[in-house]
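See below for the structure under consideration.
Bear in mind that the values in this text are calculations on the coordinates, not laboratory data. Everything quoted here is computed from the prediction, not taken from an experiment. When we count neighbours, we look across all protein chains shown, and the Cβ atoms used for this are built from the backbone with ideal geometry, even at glycine.
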Amino acid sequence: MLDRGTALKFSALLSTCCAPMLLLALILLLALFSIEVTPWLQFDRNAIHAGEWWRIWTGHLLHTNSWHLLMNLAGLVVITMLHGNYYQRWQFFFILVIGFTLISLGLLFWSPAIGLYVGLSGWLHTWLVYGACEDVRRNWSSGWLILAGVAIKVGWEQWHGASADLVMLIEADVATDAHLYGAISGLILFSVLHNVNRIQQSTKTPRAN
């Protein structure tokens, strides 16, 4: 039988991984029916303007091919290992849904050249940046290193575009703007949730008489 300490660690691990693994399972399920569901679920500018608003969220769950899928799922697993213990389940799903929304709105309003889009990579930038900001809040130098790395990567993509090898690998143009909007969304969401948490903590703090 497991001792109490091991059981608590296992319980904490399950709590950390539960929400990301549910996301992973959903993405894999959709991948099995990719041909059938992509026309109905991908981010499609014209369809969204015609009223198919669900595409704002569902497009992030689809991928162009197996390589695209595997790279993004690998990113999901790595970021979960780095920062997964920072989140309660509700925080993860809040960051997921609002991150999807902000990225898609960015594509709609500021990237008119992008008509179709699928992939989780934009939101992975959101989650990575959010976790790096939490590292910084805890005075961990790794947070600054991650933020610097993301800034350099996103800046390079905006200047030079994505690697031609990556474009060939995923059989589609890389929506580098989604990475930019994802990183910005991570900063916005951290600022919002951090300040909400501070307000909640201040209201709970008893005042001295």
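Which GluC sites (Glu not before Pro) in the range 129-209 sit in a loop by DSSP (not H, G, I, E or B) and have at most 11 other Cβ atoms within 10 Å of their own Cβ?
Glu171
Tell me which chymotrypsin sites (Phe, Trp or Tyr not before Pro) from the range 46-98 have a DSSP coil assignment and no more than 13 other beta carbons within 10 Å of their own.
Taking the range 46-98 and a limit of 13 other Cβ atoms within 10 Å, the loop chymotrypsin sites (Phe, Trp or Tyr not before Pro) found are Trp53, Trp54.
Which of the trypsin sites (Lys or Arg not before Pro) across the range 75-157 are loop residues per DSSP, with 16 or fewer other Cβ within 10 Å?
The qualifying sites are Arg138.
Could you give the nm distance between label points at Arg89 and Cys18, where each point is 7 Å from its Cα heading toward the beta carbon?
A separation of 0.4 nm, rounded to one decimal place.
Rounded to the nearest 10 degrees, what's the angle between the helix 66-83 long axis and the longest principal axis of the chain, both from Cα atoms, 0 to 90?
For helix 66-83, the angle is close to 10 degrees.
What distance in nm separates the two pseudo spin-label positions at Ala164 and Ser142, each 7 Å out from Cα along the beta-carbon direction?
Simple spin-label model gives 3.7 nm for this pair.
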